[in-house]
């Protein structure tokens with residue numbers, strides 16, 4: 001077809017896509033209060049799935065945790081063999097007030113504490 005070597009082509013059946021979509025999209029409540037984000041990097045056994053650690057962090061952080069995202073996985077210089085570092089961004093927000101830095105830090109500390117208990121996680125400095 002005389003296209004450049006790195007060309008990609010795709011065809012979508014829009015009718016089928018729209019038919020499979022739900023009639024209503026439900027969204028959670030929106031807060032007028034600002035969020036605060038804190039990062040945490042934890043060193044764990046290399047075999048630990050990130051989903052397991054993420055679920056533990058979510059549970060430990062409690063209801064103020066609005067979103068969690070894994071943004072880095074590292075194994076190499078400075079990390080023991082058989083271990084890896086996983087770094088997460090934790091976004092906290094209250095629906096009824098502006099959080100203090102202390103409140104967000106306490107929620108983050110609770111998440112880290114639970115990860116230490118369940119997975120032997122060590123906070124990476």
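The values are calculated or read from the model by the stated rules, or taken from the named source; none is laboratory data. From a predicted model like this one, the values you see are computed outputs, not experimental measurements. Glycine also receives a Cβ, built like all others from the backbone with ideal geometry; neighbour counts cover every protein chain displayed.
Of all residues in the range 40-51 being in contact with a helix residue (DSSP H, G or I) (Cβ under 8 Å, 6 or more places away or on another chain) and part of a strand (DSSP E or B), which is surrounded by the fewest Cβ atoms within 10 Å (Cβ to Cβ)?
To start, the set of residues in the range 40-51 that are in contact with a helix residue (DSSP H, G or I) (Cβ under 8 Å, 6 or more places away or on another chain) comprises 40, 42, 44-45, 48.
Narrowing the set further to residues that are part of a strand (DSSP E or B) leaves 40, 42, 44-45.
Details: 40: 20, 42: 23, 44: 23, 45: 12.
Here the residue is 45.
Quick check: anything in the range 52-74 on the phi > 0 side of the Ramachandran plot, surrounded by fewer than 16 Cβ atoms within 10 Å (Cβ to Cβ) and out of contact with any helix residue (DSSP H, G or I) (no Cβ under 7 Å at 6 or more places or on another chain)? Working first, answer last.
At the first step, the residues of the range 52-74 found to be on the phi > 0 side of the Ramachandran plot are 62.
Keeping just the survivors that are surrounded by fewer than 16 Cβ atoms within 10 Å (Cβ to Cβ) gives 62.
Now restrict to residues that are out of contact with any helix residue (DSSP H, G or I) (no Cβ under 7 Å at 6 or more places or on another chain): none.
No: zero hits.
Only one of (1) assigned to a loop (DSSP other than H, G, I, E, B); (2) in contact (Cβ under 8 Å) with a residue 12 or more places away in the chain is not met by residue 10, so which one is it?
All conditions are met except number (2).
So that you can scan it fast, the table gives a plain yes or no per residue for (1) over 30 Å from residue 89 (Cβ atoms); (2) more than 19 Å from the chain's Cα centre (by Cα); (3) part of a helix (DSSP H, G or I):
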residue	(1), (2), (3)
15	yes, yes, yes
19	yes, yes, yes
30	no, yes, no
34	no, no, no
38	no, no, no
56	no, no, yes
61	no, no, yes
73	no, no, no
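Filter the range 75-102 for residues that are surrounded by 15 or more Cβ atoms within 10 Å (Cβ to Cβ) and under 12 Å from residue 35 (Cα atoms) and give the result.
Of everything in the range 75-102, those that are surrounded by 15 or more Cβ atoms within 10 Å (Cβ to Cβ) and under 12 Å from residue 35 (Cα atoms) turn out to be 90, 91, 92, 93, 94, 99.
Restricting attention to the range 106-121, does a residue exist that is at pLDDT 95 or above, farther than 26 Å from residue 34 by Cα, in contact with a helix residue (DSSP H, G or I) (Cβ under 9 Å, 6 or more places away or on another chain) and assigned to a loop (DSSP other than H, G, I, E, B)?
yes
Suppose we keep only residues that are in contact with a strand residue (DSSP E or B) (Cβ under 9 Å, 6 or more places away or on another chain) and in a loop (DSSP other than H, G, I, E, B) within the range 77-93. Which one would you say is nearest to residue 47 (Cα to Cα)? Break it down into steps so the answer makes sense when it comes.
Residues of the range 77-93 that are in contact with a strand residue (DSSP E or B) (Cβ under 9 Å, 6 or more places away or on another chain), as a first pass: 78-80, 82-93.
If we keep only those that are in a loop (DSSP other than H, G, I, E, B) as well, we get 78-80, 82, 93.
Details: 78: 18, 79: 14, 80: 13, 82: 8, 93: 32 Å.
It comes out as 82.
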